[in-house]
Each structure stands twice: as C-alpha cells, then as structure tokens.
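The values are calculated or read from the model by the stated rules, or taken from the named source; none is laboratory data. Keep in mind the model is a prediction, meaning the values are calculated, not measured. As a convention, Cβ positions derive from the backbone with ideal geometry for all residues, glycine included, and neighbour counts pool all protein chains shown. Keep in mind that these areas ignore ligands, DNA and RNA; they rest on the heavy atoms of the full protein, side chains included. Shrake-Rupley method; radii C 1.70, N 1.55, O 1.52, S 1.80 Å.
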Amino acid sequence: MTGGRAPSLRLGGTLALDTQMQAICRSMHTQGMLIDQEERARLQRKYAAKAQDYAAKCRELAGNPGLNLNSPAQVGDQLYASRLSGGFGCEVIEYTDSGAASTADPAIRPLLRDPTLAQDARSFILAYRQYRKADKILGTFLRPAEPVAFGESRRVACLEAVAEARRLLDTARRLLPSGASADRGTFLRKAEDALQAAVDRSGALLDGRLWATDLWELGVAGWGAEDDSLGASFLADTDEDGVPRALPASAGGALVRAVYSSEDRVALRQALHGVWPLQPRRTPKGGITVARGALVELWRDPASAGCGARAFLGAVLGFFAACSEARRLALPPADAEEDRCYLRRQTGRIHADWKAHVVVTGRLASSPNLQNIPRAVRSMFVPAPGRKYVYADADQLELRTAAARWSALTGIRSRYLDAFATTKHGSDGKVYHMDPHQLSMHGIFKDTIWDWPGAPPAEWHFYKKWPGGKIADLFDIQRDLTKRVVYLGTYGGEALKAHEVLTSAEDDEGTLIYQDLSVREVAAMLHAWRESVPEFVAGWDEEIAAWERQGYLADPVTGRRAWFRNIQDAQEDRSQIVNFPIQSAGAGLIARGLCAFTGHYPGGFAGPGTGVVNLCHDAITAEVPEAEVPRARELLQQCMMQRDASLSGVDFPAEAVIKTRWEDARP
C-alpha cells in the first residue's frame, strides 16, 4: 500500500477476525499453561514403570533378552522371521519406502484381527503396542515438561541405561564358572574398563552440567557467567562460530565402540566357547562370530540351557541392549524437537507457539501441540493458586453446522434440526435436551436399540438423561460407536477408511475398542445412516457442484475461501471438499465467541497467566482469579452461544464449567 489511510476492518470480516485471532495467539503464548510438577513426576513414574514392564514382557515372549524395542529392524525380525529362525512368522501387511517390513501401528494392528495368530505373537504385539504408547507419552508429553535444561531428561535416562549395563555386566561376571581361567574373563574386564573409561570421560554428562551441544542449540552460552559449573570447560576452545572444537565423549558411544571392538569380540568368543560346550555360529568365511544375532541363536539353543550358558548369554545380550540404549540417549537427537524442553523454567509454564494462518479452515495450530494432549496426562495442567479454569465446549458443533448448512442448500429439512430445538421438562423441574446421536442410532439400527440394556425408558426415548437416570451399558457403547461412524461419514468418508479409523480407536488403557469390526459391518452402518440423512448426501453434491462452477468454496460464516487446486477428481477427493465449509464455519463461530470473551477478559487482565490459555478446536479454557469465576463462567457461556443467519438460525450452545485441573474440564 502506498500512502493514504489503511482500510477500516469491519468486525466479522475474515481479515478482521484473523487479525484478532492472531493477537489472541500471541496472548496465549505469553500466558502459557502451568504444570503441576508433582503430578507430572507421578505420571512420569507411572509411564516409565509401564514402559519397563511391557519391555520386559516383550523380551520374555521373544526369548531375546537383548531385543531393542526402539529398533524397527530388530522388532521386524522378531515379528516376521520364521519360527525356525526364532521369530513369530507373522504375515507382512505393509512395507516401508525402503522395502523393509513395516512395524508401524497400521501394519501390526490388523494382525490382531487374525484368528489364526499364535497366542505368543498376539501377546507380543499387544505388549509392544503398550510399550510404544507409554514410551511416546514419556518422550512427547512428560519429559519435555520437566523444569530442566534441554537434554536433561535424556541425560538422566542415559545414566539409567549405563547403570543397567553395569548391573548386567556384574551379573555376567558372577555367572562365569569359578574355574574359568583369567584369559576367559578378559571380555568382562575389558567391558568394565570401557564402561568406567566412558563414565570418566563424560563428567559433563554425569555431574549434571548441560551438554555443549545443548548450549548452542538454545543459544544460552552466556549462562556460564551465572553458573561457573557451566560453560568454562565447554567454552575454552571454540571456533569462530562459538561451537566447541572438542565435545565431551559420549558414555554410550564409548561403551558400544569398546564392546564391539575386534579385541573384545575375541575375548567374548574365548569366554563363551572356552567355558561351555556350545556349537559356534560361524561367518560365511568360516570364522566364529559373536554378533548379536549369533548370540541370540545361542541363547535359544537348548544346549545353552543344559550347560548353564543361557543365563550368561542373557546377561551379555542385555548388556549390549543397555549399551545401545545409552548410546542412543547420549547422542544429540536427529530431530531437535525430540528432546526440547517445552517448559519455561522462569514461569513453570508451557508457552506454546500458536499459529492462526496454518490450517486452511481457520482453526489454530500450536507447537508443542496443546490441542492433542492425551486425556490421561492432562491432570498435570493446573491454574495457579487462587485461580480456576473456566472451560466451555461447544455442543455438537460440526453436526449442527452440517445439518444447518446442507438443509439450507438442499431444501431438505434435517431431523437433526428438530432434535437440536427439542427439550422436555422433567418431574424434577430440570430441562432435558433431545440427544441427536440417538437419532443417528435409530437411523442405523432402527427400533432394536430400545431393547438394548441401558436404553432410556419409552417416555424418554431419544434423551440421554432423565429424572433419576441416564443411558448405560450396551446402549451407551453403541451410542459411542454411532458417534464415531457419523463423524467419519459426515464428510463422505468411505467404508475402508472408516474401518481403518474405527479399528484403531483405543480406550485409556490402550485397548483396541472395535478391533473385531469388519469392513462389511462398517459399510452397512454407513449405508443405513446415509439413507436416513438425504440432506447430507444431497449437500455433498451441492458443494462439489459449487466448487466446479466457481473454482472455490466459501464457508457461510466468515466467507473464508478454499480453491483446492491440488484436486483433480472431485469425486475421489470428496471428503476434502465437503469438509471445508463445515469445519471452517465451525472455526469461525468459535473464533467469534473467543474474540467476544477476550474483549471482556484480555490476556493478562489479572496478572501473568490469566485470560484464555488454550483453544482446542471447539473448546476454550481460560484461567481466572477465583473472585471472577462466576462472572467469567456466565460470560464465556454467553459468548460461546452463537447463531448465524446463514445456518438456518440454529443455536450453537455451550456449557461452561469450573475446574481445578484441565483433566476435569468437561461437564
């Protein structure tokens, strides 16, 4: 723009709304979300114990004490190698881009639906999935929330791996026959020397100081002036960019290099085959090998149990696994995000970067992702003392938007619209709202639903609650399944994709809820539901026709446009097209409510950390002083109550609640 005044921005316009949302993003970053460190530590202990237990179970089922569960190659060998080779002989479902058999969850989850899968293989896959889930929660959500420097959690975990290596080494030493010659114990002495040397050379790792690499990635080399234990030894010899010329030795790296040196392989061969009558495993050239695979074969060999070598081999394999884990943890991660400390130690809060211009629908994005925190660990997020969380979640936002939008486009009035507007007075004086998800259930399963255990009484059909009661048992389970099916079907999703999503759904314990559903059953549910909502099916056709005619789609609330220039075939990419106007309109409604609320309670209105601290798609969380809680709750509820003329005049309500932990922030 050259000269003149900037154009005025009318409230409600897309540009004005995005400008306000960008300011709210900046405010949410500034306020942050407080972490209860005692609760976080409790959760970390819980999931660390889970990971350890499931790892031990996996190794026991595999018959391989040295199995590295963080190695896709080793896990793949265990899953897909034949029984004769010591594996489980599972069918390969998917391959990676490099051609290796995949061990990703979509590749191993279908194996659990195979009735011919052996019980030990099934138990291994279940334990492995639980291990991976616990390990992900630790590495993605809990350890990065520690009030420590970058890399500190890896340092602690590395020390634990080194301690485990030392313990297993001591075990192996005790298991050598007392009559073994000094030469036959050379391997153990050399391994102990390598362990101690690595520890000695890595004083910076072991005495609590930051790694040099951490200092440079964080750009905080100046901390050396605040703490003499930091920096001096690291910064003594640096290049012109300030990077140390010689970094401290890695404990894990030194261990593995020493243990796998040719000299120590000779010592290990002597310890194994000079003490116990074992059949050596040989290289293609005829030499005796003590590579990991060969040691696993020896451990599985019945002869090793008969002569007493199995326990020694198990300790050695475990030692190698612990060394490998120490090495992995001691080296800087390939992805800096893997070990970044998200917590700002000065505030005790996670200050996420919120972005208003990443998602095409206008939804916000955040890094770290505070919109996808598992419910199991949300209890560590708390308001500061003297404050409460005020939380509101829009009711059936996307279902209401879709029903209103496609009723208006097609002229076919949706039954959902009547359900949204219908209430009933109970004998207890309360007002009860009709449950639209039971309309979906009835559309799929017809009148049989009323015979299921936990169904509402006849006079309260289509209501979730009634005086003195609420739905339960099978009825409640099927209602949850129906909600998932409808969500997947709302945007024209096909049976195969819906089946993949449904069979991956887990409960809080990681159990697959719908793993026994067949593609045929999912297809039948989708077909029955679509027959009950002709306005949705016709609405999809209207959206595609509008895009083909205009070259873009605009959501009805803000006018935000999407061109879908990457789409070649509208029918094949139907979901992407029909999804946009619904999710974008919903995002616009939530943004309007959020802007209205922050007009009364701006970020930091009562000191640092107050105001809106999280927006999770259709849910808003604000941190307010206790004295402001009643007014803030009422105001948030009012601001979230939206209505737009373009959406058939449908109300979009929300119930605001008060909580002391984010975990509980639902009605």
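So for Thr511, Thr289, what's the accessible-area order with a 1.4 Å probe, most first?
Ranked from most to least accessible, the order is Thr511, Thr289.
Can you pull the accessible area of Ile582 for me, 1.4 Å probe, Å² to the nearest 10?
0 Å²
Cross-link list Lys355/Lys465; Lys136/Lys497; Lys133/Lys465; Lys57/Lys470; Lys50/Lys388: which exceed 29 angstrom alpha carbon to alpha carbon?
Lys355/Lys465; Lys133/Lys465; Lys57/Lys470; Lys50/Lys388
Ignoring any ligand, DNA or RNA, what whole percent of the accessible area of the range 425-478 comes from carbon and sulfur when the probe is 1.4 angstrom?
That fraction is 55 percent.
To the nearest 10 Å², what's Asp53's accessible area with a 1.4 Å probe?
The accessible area comes out at roughly 100 Å².
Mind checking the per residue accessible area of the range 366-454 for me, 1.4 Å probe, whole number of Å²?
Here the per-residue accessible area is 40 Å².
Could you order Tyr552, Tyr391 by accessible surface area, starting with the largest, using a probe radius of 1.4 Å?
Tyr552, Tyr391
Would you rank Tyr95, Tyr131 by solvent-accessible area, highest first, keeping every protein chain in place and using a 1.4 Å probe?
Most to least solvent-accessible, the answer reads Tyr95, Tyr131.
Only sites in a loop by DSSP and with at most 11 other Cβ atoms within 10 Å count here; which trypsin sites (Lys or Arg not before Pro) in the range 555-624 make the cut?
Arg565
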